[in-house]
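Enquirer: Structure provided below as structure tokens; questions to follow.
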Amino acid sequence: GAVVSQHPSWVICKSGTSVKIECRSLDFQATTMFWYRQFPKQSLMLMATSNEGSKATYEQGVEKDKFLINHASLTLSTLTVTSAHPEDSSFYICSARDRLGQGGPDTQYFGPGTRLTVL
Amino acid sequence: GNSVTQMEGPVTLSEEAFLTINCTYTATGYPSLFWYVQYPGEGLQLLLKATKADDKGSNKGFEATYRKETTSFHLEKGSVQVSDSAVYFCALSDSLIGSYIPTFGRGTSLIVHP
């Protein structure tokens with residue numbers, strides 16, 4: 001149980017285009033989902049926290065107009081990188097917390113990540 | 001604020017060697033502690049966790065004990081395998097700050113040679 005999927009697993013796009021990444025909890029409902037960015041050989045940087053039905057909370061330094069997050073249902077959150085540029089190339093990882101507290105309130109389940117390359 | 005410090009890698013070992021990856025933390029509350037593993041090109045998988053002092057988390061031969069007196073949560077395995085090659089992240093989650101949003105260490109790369 002507690003599986004999180006991401007789609008696509010990798011994407012290559014041209015500079016200036018927008019890319020949408022989906023994060024789904026497959027066998028549980030997630031009231032809270034998190035989006036992280038990971039640079040090569042570095043740790044995860046939390047970008048934003050999204051709660052179902054409300055606006056996302058962005059971490060300091062993260063441009064909310066560039067990284068649009070929508071959490072429209074209890075099983076789906078999307079991250080849209082708008083007008084992507086090469087510096088946005090990174091590995092984006094989402095995680096989800098079970099609404100029913102499976103694994104404990106402090107447990108998150110991570111998706112497999114999405115590799116974004118902007119040319 | 002909260003922080004997690006891990007030993008720098010890469011850690012390079014031969015198969016069947018003993019593994020220790022050090023992790024220390026600072027926290028204002030009473031955090032839960034985690035070890036995650038990331039295989040190449042993949043997301044993070046929870047390896048083990050401990051929620052209170054003196055708890056021992058274990059999974060797949062890996063162990064870590066929550067040491068409040070030394071604020072540490074070192075990861076150990078008695079005999080590593082080539083398949084254990086991955087990046088290991090220590091993390092804490094504190095209910096007092098950030099509503100359980102985890103704080104991650106920088107990760108330690110483990111390379112196991114046959």
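Enquirer: If you average over every viewing direction, what projected area does the convex hull of the Cα atoms of chain A give, in nm²?
Expert: On the way: hull surface 27.7 nm².
Mean projected area for chain A: 6.9 nm², to one decimal.
Enquirer: Let me ask you something else. Can you tell me how chain B classifies by the Cα gyration tensor, rounded, prolate or oblate, using a/c under 1.5 as the rounded cut? Don't skip to the end; give the middle numbers.
Expert: On the way: a/c = 2.10, a/b = 1.71, b/c = 1.22.
Since a/c reaches 1.5 and a/b is larger than b/c, the shape of chain B is classed as prolate.
Enquirer: A further question follows. Could you tell me which residue out of A:T75, B:C23, A:S18 lies farthest along the dipole of the protein assembly as shown toward its positive end? Charges go on the beta carbon: Lys and Arg +1, Asp and Glu -1, centred on the Cα centre.
Expert: Of the options given, the answer is A:S18.
Enquirer: Turning to a different aspect of this structure: Only counting other Cβ atoms within 10 Å, I'd like B:K77, B:K52 sorted with the fewest neighbours first.
Expert: Numbers: B:K77 20, B:K52 11.
So the ranking, lowest neighbour count to highest, is B:K52, B:K77.
Enquirer: Once the Cα gyration tensor of segment A:8-69 is found, what semi-axes does its equivalent ellipsoid get, as square roots of 5 times the eigenvalues, in whole Å, sorted largest first? Walk me through the numbers before you get to the answer.
Expert: On the way: eigenvalues 80, 49, 40 Å².
Ellipsoid semi-axes (Å, largest first): 20, 16, 14.
Enquirer: Can you tell me the dipole magnitude for segment A:52-100 around its Cα centre, using point charges on the Cβ only (Lys, Arg +1; Asp, Glu -1), in Debye to the nearest 20? Show your work: numbers first, answer last.
Expert: Values: 5 positive and 7 negative charges, 42 e Å.
Approximately 200 debye in magnitude.
Enquirer: How many angstrom lie between the Cα centre of segment B:17-76 and the Cα centre of segment A:66-108?
Expert: 24
Enquirer: Work out from phi, with θ = phi - 60° and the Karplus expression 6.51 cos²θ - 1.76 cosθ + 1.60, the ³J(HN,Hα) of each residue of segment A:101-116, listed in order in whole Hz, and give x for Gly and Pro.
Expert: Whole-Hz 3J(HN,Hα) from phi for segment A:101-116: x, 4, x, x, x, 9, 9, 10, 10, 9, x, x, x, 10, 8, 9.
Enquirer: Further question: How large is log10 of I(q)/I(0) for the protein assembly as shown at q = 0.08, 0.09, 0.13, 0.14 Å⁻¹ when the intensity is taken from the Debye formula with one equal scatterer per alpha-carbon?
Expert: One equal scatterer on each Cα of the protein assembly as shown leads to -0.29, -0.37, -0.78, -0.90.
Enquirer: Within chain A, what is the longest stretch that has no trypsin sites (Lys or Arg not before Pro) placed in a DSSP loop and near at most 15 other beta-carbon atoms within 10 Å?
Expert: Working: sites that count: A:K14, A:K41, A:K55, A:K64, A:K66, A:R99.
The segment A:67-98 is the longest one with no such site.
Enquirer: Still on this structure, I have one more. On average, how many beta carbons from a partner chain sit within 10 Å of the beta carbon of a residue in A:103-116? Walk me through the intermediate numbers first.
Expert: Details: counts 2, 5, 5, 15, 8, 9, 4, 7, 3, 6, 5, 1, 1, 0.
For peptide A:103-116, the averaged partner shielding equals 5.
Enquirer: If the label point is 7 Å along Cα→Cβ of A:W10, which residues in segment A:90-119 have backbone nitrogen under 12 Å from it?
Expert: Under cut-off, by backbone N: A:114-117.
FYI, it's all coordinate maths here, none of it is from the lab. What you see is a predicted model; the values in this text were computed from it and never measured. Cβ sites come from the backbone with ideal geometry, for glycine too, and all protein chains shown count toward neighbours.
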